[in-house]
Amino acid sequence: MSDPLYHAKPNLQPSTTALQPLAGVRVADFSSNMAGPYGAMILAQLGADVIKVESPQGDDARAWPPIVDGMSLAHRHVGAGKRGMVIDLKQAAGVQVAMALIAGSQVVIQSMRPGVADRIGIGQAAARAVNPEVLYYDLNAFGNGETGRAMPGYDPLVQAFAGIMQMTGHEGSPPTRCAPSLIDLGSGQWIAMGVLAALLARQKGQPVQSLETALVDTAFSVIPYQATAAKLSGQRPPKAGSGNPIAAPYQCYQARDAEILIAAPSQRLWEAVVRALQSPALAQDPRFASVHSRSQNLRALEAAINSILSEHDVDTWITRLTQADVPVTRVSGLEEAVRSDVARERGTFIESDGVPLVRLPWLADGQPLAWQRPAPRLGQHSLEILAELGFDETQSATLIGCGAVVAG
């Protein structure tokens, strides 16, 4: 491949969607699984031309159930808005194609284990050699240090390492994973914010060449005050169950027919709870006199409130507590929440290729962002992108013939 090829620039048309600040920005997405792809998806929704690069075997996320119409729902979500290309980075010709893509991109995101990108020839130094202005984003699990670089990283591994599993669940329960992929999705959000911040900084004359996020950074960022308390005291935080040990009542309680969550972290709200429960004995109990004392007697308070709530159904208690201005809700299953009036009013789901996907949490001038395009099938846009990068039909046929590039 000739050197001028590496300096090809993307030919992009501005989006007509209102919130498209990244129109004209190309992102080469070499990340896999969940965290990096989620961040790149957010950038795609903001108008970036995100090119998802996969191995011939495809991203692992493609195989995660449930599968709808031959594509996993996970991949449909994190791949939405992107174009897809398959490059075999084990072949020298494949690396040349990857470098051509990097040369024509403003941002590179990669989530390979530390040292791998450098070894195969698409690391930061190699990327900057063909594109000095590229913003290079390195996502890893535990960092590039002597200890962290050897540690593998998936969401539950990081939750286990950072103490999150020991904080989650009820007293006496085994270590429990936070059910959503909190670390992966949180890291994706940091990636998107980081890219936006770096591009804005460049506009203000503040050169930013590279960014790095480790999954473990995200883990500590979602437990910031608990982490500081543990570092100062050397003590493990107690398991929180459905609540938070810094306030009470602030958890799930059992009514006669179902569970209810009451959130009353202040003294004013506690007094409102007492009125709604019509139980002056609670107010007179010294164990429950203040926010601090209630937090010190969580189990006793839970037993006392459950005893009172057992007298009526959830609907009755929601009415009484709501009338007293106490924050309260029924504890729903996900199958109920997704069909709720709130989900309908918020337009939580936006269709993509016939499948309802959860939209990004923005309303721009009152309207959600439509999905830019469905997630790509494996190698769907390989030929299209090769042509944009300057490869002629003969070169493209050669690359496909030797398997360096796969076209869907």
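Values in this text are rule-based calculations from the coordinates and carry no lab data. In this text, all values refer to a predicted model and were calculated from it rather than measured experimentally. As a convention, Cβ positions derive from the backbone with ideal geometry for all residues, glycine included, and neighbour counts pool all protein chains shown.
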Computed over the chain: longest principal axis from alpha-carbon atoms vs helix 298-309 long axis, angle to nearest 10 degrees, is 70 degrees
Once Ser266 and Ala63 are pulled to full extension, the length gained, defined as 0.36 nm per residue separation minus their Cα-Cα distance, is 68.4 nm
The exposure ranking of Val342, Val25, Val107, fewest beta-carbon neighbours within 10 Å first, is Val342, Val25, Val107
Listed with the fewest Cβ neighbours within 10 Å leading, Arg177, Arg339, Arg62 appear as Arg339, Arg177, Arg62
Region 208-232 scanned against label point 7 Å out from Glu146 along Cα→C-beta; backbone N under 14 Å for none
Extension length gain for Arg299 and Lys90 (0.36 nm per residue less Cα distance), in nm, is 69.5 nm
Using the Kirkwood formula on alpha carbons, the hydrodynamic radius of region 291-408 in angstrom works out to 20.4 Å
For Arg377, the net charge from surrounding residues (Cβ-Cβ under 14 Å; K, R +1; D, E -1) works out to +1
Here the convex hull volume per residue of region 57-100, taken over Cα atoms and given in Å³, is 81 Å³
For region 146-282 (alpha-carbon point model, no solvent) the Debye-based log₁₀ I(q)/I(0) at q = 0.09, 0.10, 0.16 Å⁻¹ works out to -0.44, -0.52, -0.99
For the Ile120, Glu212 Cβ pair and Förster radius 22 Å, calculated FRET efficiency rounded to 0.05 is 0.75
Calculated from DSSP helices alone, with each H run of at least 4 adding -39500 (n - 2.57) and the total divided by the residues of the chain, [θ]222 nm to the nearest 500 comes to -11000 deg cm²/dmol
Rounded to the nearest 10, the angle in degrees between the Cα long axis of helix 35-45 and the longest principal axis of the Cα atoms of the chain comes to 80 degrees
Net charge (Lys, Arg +1; Asp, Glu -1) of residues whose beta-carbon lies under 14 Å from that of Asp155, Asp155 excluded, is -2
Taking the dipole of the chain about the Cα centre (Lys, Arg +1; Asp, Glu -1; charges at Cβ), the one of Leu301, Leu200, Met167 that reaches farthest to the positive side is Leu301
Surrounding charge for Pro249, neighbours by C-beta under 15 angstrom, Lys/Arg +1, Asp/Glu -1, total +1
With the dipole of the chain defined by +1 on each Lys or Arg Cβ and -1 on each Asp or Glu Cβ, the option from Gly143, Ala404, Ala227 whose Cα lies farthest towards the positive pole is Ala227
With Rg from the Cα atoms and Rh as the Kirkwood inverse mean 1/r over Cα pairs, region 31-124 has an Rg/Rh of 0.96
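Treat the count of other C-beta atoms within 10 Å as a stand-in for reagent exposure and order Val355, Val116 from fewest to most.
So the ranking, lowest neighbour count to highest, is Val116, Val355.
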Helix 267-277: inclination vs the chain longest Cα principal axis, degrees, rounded to 10, gives 60 degrees
For Lys52, counting only lysines whose alpha-carbon sits under 27 Å away and dropping same-chain residues fewer than eight positions off, the answer is Lys9, Lys82, Lys90
So Ala160 and Thr316, fully extended at 0.36 nm per residue minus their Cα-Cα distance, gain in nm 52.2 nm
Placing one equal point scatterer on each C-alpha of the chain and summing with Debye, one gets log10 I(q)/I(0) at q = 0.07 Å⁻¹ equal to -0.44
